[in-house]
Amino acid sequence: MLNIAQPEQVVFKPELITKFNEIVARYPEGKQKSALLPILHLVQAEFGWVSGPAMDKVAEYLDIKPIEVYEVATFYTMFFLKPLGKHVLEVCRTGPCCLVGAEKIMKYIEQKLGVKEGEVTPDGLFSWRGVECLAACGMAPVLQIGPEYKFHENLTEAKIDELIDSLRLTTAVNPQIS
Amino acid sequence: MGRKILLEHINVPGINTFDVYRQKGGYRALEKALKTMSSDDIVEEVKKSGLRGRGGAGFPTGMKWSFLAKPEGKARYLVCNADESEPGTFKDRYLMTYIPHLLVEGMIVSSFALGANTSYIYVRGEMMPQIRILEKAIAEAKAAGFLGKNILGSGFDHEVYVQPGGGAYICGEETALIESLEGKRGNPRIKPPFPAISGLYNCPTVVNNVETIAAVVPIVNDGGDEYAKIGIGRSTGTKLISASGNLNKPGVYEIELGVTVEDFIYSDEYCGGIANGKRLKAVVAGGSSVPILPANLILKLANGENRLMTYESLSDGGFATGTMLGSGGFVAFDEDQCIVRNTWNFSRFYHHESCGQCSPCREGTGWMEKVLHRLEYGHGKLSDIDLLVDVSKKIEGNTICPLGDAAAWPVASAIRHFRDEFEWHVTNPKEAMERNYGLAGYADPLPKPEEVM
Ligand SMILES: Cc1cc2nc3c(=O)[nH]c(=O)nc-3n(C[C@H](O)[C@H](O)[C@H](O)COP(=O)(O)O)c2cc1C
Ligand code: SF4
Ligand code: FES
């Protein structure tokens, strides 16, 4: 977090605040902190990552201390604390997936994108990383792409080619659609 | 063919929608419960059914429910554990994807039995599609009058909410899950107090697995006695098994508890044998946390009888020759798989997922990962093998939550049953980098038990 360039100011759009309000209503009076994880997911979906100033804004909104947000955002693996590629390919690297070739798939993705785990391609489009068992071991190897965490199962090198090409294409046609 | 009671209608087109689920008899249990039964009646049926928690520990559900404290003026909560992160387990995802209303109906009926007016389904954050599916199912149930105020005129009010996790295996542990649901880091709590006394927001809380809650629906529909007729002994009912690894037909299967392991692996009704004509080397039968067994021990008990898919039979022989049913994550390894590599992979997983509160778990998992890594990559020493056993013993039983044990058992059992393969990695480091140890004698028939005079 320390040496990552942070945005100067983060603004939550009214529509986003409306969604926050809906979430807070699920919990009893005074327990609004329960909304923290769902809200961090929404923030990441909106901005692509969870920046320091965004966390401060969340703390302010939930009326909790900033440290309460930082300690949560750093504990859970799904929150990106630095900007990553527009599409983050998260490949399962746990035992059962490795029995049917997950390691090869990760190597292939690394080669194909030309960047190491956690880095961003020069065009800013892609990152990849290994993640732990995604509860899809019967369809292994698998990868997911946020923020909706669409699944891609029974991966082969050909399927990776196809996936990356199609992601490139959709982003080129309409940069707004992720 | 085994009886299916959770997945009976799984192949009916549209069973994921409210209308089709309803046509197939859905929400009948809810009507029966709210119109004709008291909370105690339902708890009684669940006790009679013998249902045991499907999340891994196998604790009798009816008993757990009867422990729930009921102080005046305090809310009670039901929380569904849909964190499903135990490597090898993917049945809850399947159930939520294809028959979400079964879980929603189970949530309402169970909440009625427990007197909970609010319940939460805590779904791991990566299952965003399933979160959307459940939210839709809940909205449909609400539109039909099965949620909200005074449901079916019973005077019972109820709301169900879906809560996403943030990507942390430890949040599957029930007290960590509660912490997480309160918006905190997923650090397990010291027990007691148990959630039944002080759980979510310090209120009495029951945490149950997705499959456990779904099973309440057929139990209410047909009665606990009917449910208990399925299965063997204290392993009643059906169980969803997630089958993965080197199988011809990996996937989710509903089995009647009591089928033989051999049938489950080789029959066409289930996994259809080992993929690519290979032979079976080993099995992890209940998710990554349970002891791994070589082919011969998973198929047969030490006395030569067939091993069955039940809580008791899988644990027969204790840790010497047995394992556990756990979450039902059944991972099959073929003859080309390397046990050392897999053990290292699992250790890496537990080290990564340790919440870090207890030193034996935080440090021990790190040590095991490091030592296994050097064994796998040809820099190990023979003494490393005993070192691993020693570290695993120092973790086991010395931690706040069972993740410590879960990290220790796979290592201890791999060395117990596959020690020669570990030694071979030390004595033939170059060869071990180039090829696998193979099947060795792991599938050989077990020696005949000695005659006791
Ligand atoms: C490290 C760890 C991870 C766990 N993960 C899960 C899980 O993903 N899903 C689950 O239902 N139970 C999990 N459990 C078990 C829960 O603590 C708890 O026993 C269970 O949710 C109770 O529900 P049941 O009685 O219906 O099985 C886990 C336990 C531990 C120690
Ligand atoms: S055993 Fe491990 S995961 Fe469990 S509380 Fe201790 S450090 Fe955390
Ligand atoms: S091990 Fe990859 S999804 Fe479970």
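Identify the single condition in (1) surrounded by fewer than 24 Cβ atoms within 10 Å (Cβ to Cβ); (2) more than 13 Å from chain A (Cβ to nearest Cβ); (3) out of contact with any Asp or Glu (no Cβ under 7 Å at 6 or more places or on another chain) that residue B:141 does not satisfy, given that it satisfies every other one.
Among (1) surrounded by fewer than 24 Cβ atoms within 10 Å (Cβ to Cβ); (2) more than 13 Å from chain A (Cβ to nearest Cβ); (3) out of contact with any Asp or Glu (no Cβ under 7 Å at 6 or more places or on another chain), the lone unmet condition for residue B:141 is (1).
Could you list, in sequence order, the residues of region B:194-233 that are more than 16 Å from ligand 2 (Cβ to nearest atom), in a loop (DSSP other than H, G, I, E, B) and on the phi < 0 side of the Ramachandran plot?
Correct list: B:196, B:197, B:198, B:199, B:203, B:204, B:230.
Taking region B:144-170 only, how many residues are over 17 Å from residue B:119 (Cβ atoms), within 13 Å of another protein chain (Cβ to nearest Cβ) and not in a loop (DSSP other than H, G, I, E, B)?
2
Going through region A:123-148 one residue at a time, which ones are surrounded by fewer than 19 Cβ atoms within 10 Å (Cβ to Cβ) and at the interface with another protein chain (Cβ under 7 Å from one of its Cβ atoms)?
The answer is A:148, and nothing else.
Only one of these conditions is not met by residue A:46: (1) assigned to a loop (DSSP other than H, G, I, E, B); (2) within 12 Å of the chain's Cα centre (by Cα). Which number is it?
Status for residue A:46: all satisfied but (1).
So is residue A:67 under 17 Å from residue B:182 (Cβ atoms) and away from chain B (no Cβ under 11 Å) or not?
Spelling it out, residue A:67 is indeed under 17 Å from residue B:182 (Cβ atoms) and away from chain B (no Cβ under 11 Å).
When you go through (1) within 14 Å of chain A (Cβ to nearest Cβ); (2) within 16 Å of ligand 2 (Cβ to nearest atom) one by one for residue B:436, which number turns out not to apply?
Condition not satisfied by residue B:436: (2).
For every residue, the table says whether it meets (1) buried (at least 24 other Cβ atoms within 10 Å of the Cβ); (2) among the charged types (D, E, K, R); (3) within 30 Å of residue A:92 (Cβ to Cβ); (4) within 11 Å of ligand 1 (Cβ to nearest atom).
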site	(1), (2), (3), (4)
B:171	yes, no, yes, yes
B:176	yes, no, yes, yes
B:182	no, yes, yes, no
B:192	no, no, no, no
B:210	yes, no, yes, yes
B:227	yes, no, no, no
B:239	yes, yes, yes, no
B:251	no, no, yes, no
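Tell me which residues, restricted to region B:1-35, are touching a Ser or Thr at 6+ places or on another chain (Cβ under 8 Å) and over 18 Å from residue B:143 (Cα atoms).
B:2, B:3, B:4, B:5, B:6, B:35
If only one of A:76, A:149 is of a type in the set (Phe, Trp, Tyr) and within 16 Å of ligand 3 (Cβ to nearest atom), which one is it?
From the options A:76, A:149, the qualifying one is A:149.
Report, by residue number, each residue of region B:157-178 that is in contact with a helix residue (DSSP H, G or I) (Cβ under 8 Å, 6 or more places away or on another chain) and within 12 Å of ligand 2 (Cβ to nearest atom).
Within region B:157-178, B:168, B:169, B:170, B:171, B:173, B:176 qualify.
Quick one: count up the residues across region B:307-342 that are part of a helix (DSSP H, G or I) and either under 16 Å from the mean Cα position of the chain (by Cα) or at the interface with chain A (Cβ under 9 Å from one of its Cβ atoms) (or both).
Residues meeting the conditions: 5.
Condition first: outside the structural domain of residue A:50 (by TED's automatic domain parsing) and touching a Ser or Thr at 6+ places or on another chain (Cβ under 8 Å). Can you find one or more residues in region A:143-151 that meet it?
The answer is yes; a qualifying residue exists.
Pairs please, first residue from region B:403-414 and away from ligand 1 (no atom under 12 Å from the Cβ), second anywhere and small (Gly, Ala, Ser), Cβ atoms under 6 Å, 6+ apart in sequence or on different chains.
Short answer, once both residue conditions are applied: B:408/B:392; B:411/B:392; B:412/B:392.
Can you tell me which residues in region A:87-109 are within 13 Å of chain B (Cβ to nearest Cβ) and in a helix (DSSP H, G or I)?
A:95, A:96, A:97, A:98, A:102, A:103, A:106
Of the residues that make up region A:72-82, is at least one more than 14 Å from chain B (Cβ to nearest Cβ), under 30 Å from residue B:346 (Cβ atoms) and either surrounded by fewer than 22 Cβ atoms within 10 Å (Cβ to Cβ) or out of contact with any helix residue (DSSP H, G or I) (no Cβ under 7 Å at 6 or more places or on another chain) (or both)?
There is at least one residue in region A:72-82 that is more than 14 Å from chain B (Cβ to nearest Cβ), under 30 Å from residue B:346 (Cβ atoms) and either surrounded by fewer than 22 Cβ atoms within 10 Å (Cβ to Cβ) or out of contact with any helix residue (DSSP H, G or I) (no Cβ under 7 Å at 6 or more places or on another chain) (or both).
Please work out if residue B:124 is of a type in the set (Lys, Arg) and away from ligand 1 (no atom under 14 Å from the Cβ).
Judged against the criteria, residue B:124 is not a match.
Residues that are away from ligand 3 (no atom under 16 Å from the Cβ) and under 14 Å from the mean Cα position of the chain (by Cα): does region A:88-96 have at least one?
There is at least one residue in region A:88-96 that is away from ligand 3 (no atom under 16 Å from the Cβ) and under 14 Å from the mean Cα position of the chain (by Cα).
Among the residues of region B:6-20, is there at least one that is away from ligand 2 (no atom under 16 Å from the Cβ), more than 22 Å from residue B:208 (Cα to Cα), buried (at least 17 other Cβ atoms within 10 Å of the Cβ) and hydrophobic (A, V, I, L, M, F, W, C)?
Yes, there is a match, as at least one residue in region B:6-20 is away from ligand 2 (no atom under 16 Å from the Cβ), more than 22 Å from residue B:208 (Cα to Cα), buried (at least 17 other Cβ atoms within 10 Å of the Cβ) and hydrophobic (A, V, I, L, M, F, W, C).
I need the full set of residues from region B:350-365 which are in a helix (DSSP H, G or I) and either more than 6 Å from ligand 2 (Cβ to nearest atom) or buried (at least 18 other Cβ atoms within 10 Å of the Cβ) (or both), in order please.
Those that are in a helix (DSSP H, G or I) and either more than 6 Å from ligand 2 (Cβ to nearest atom) or buried (at least 18 other Cβ atoms within 10 Å of the Cβ) (or both): B:350, B:351, B:352, B:353, B:359, B:360, B:361, B:363, B:364, B:365.
Determine the pairs where a residue that is outside the structural domain of residue B:214 (by TED's automatic domain parsing), located within region B:48-59, has a partner that is modelled with pLDDT under 95 with Cβ atoms under 6 Å apart, the partner being 6 or more residues away or on another chain.
From region B:48-59, no pairs qualify.
Restricting attention to region B:29-39, does a residue exist that is in a helix (DSSP H, G or I) and within 15 Å of residue B:225 (Cα to Cα)?
The answer is no, given that none of the residues of region B:29-39 is in a helix (DSSP H, G or I) and within 15 Å of residue B:225 (Cα to Cα).
Any residue at all in region B:58-80 that's surrounded by 24 or more Cβ atoms within 10 Å (Cβ to Cβ), within 13 Å of ligand 1 (Cβ to nearest atom), small (Gly, Ala, Ser) and within 15 Å of residue B:206 (Cα to Cα)?
no
Tally time: how many residues in region B:71-128 are part of a helix (DSSP H, G or I) and away from every other protein chain (no Cβ under 12 Å)?
The qualifying residues number 16.
The values are calculated or read from the model by the stated rules, or taken from the named source; none is laboratory data. Everything numeric here is computed off the predicted structure, so don't read it as measured data. Here the Cβ is made from the backbone with ideal geometry for all residues, glycine too, and neighbour counts use every protein chain on show.
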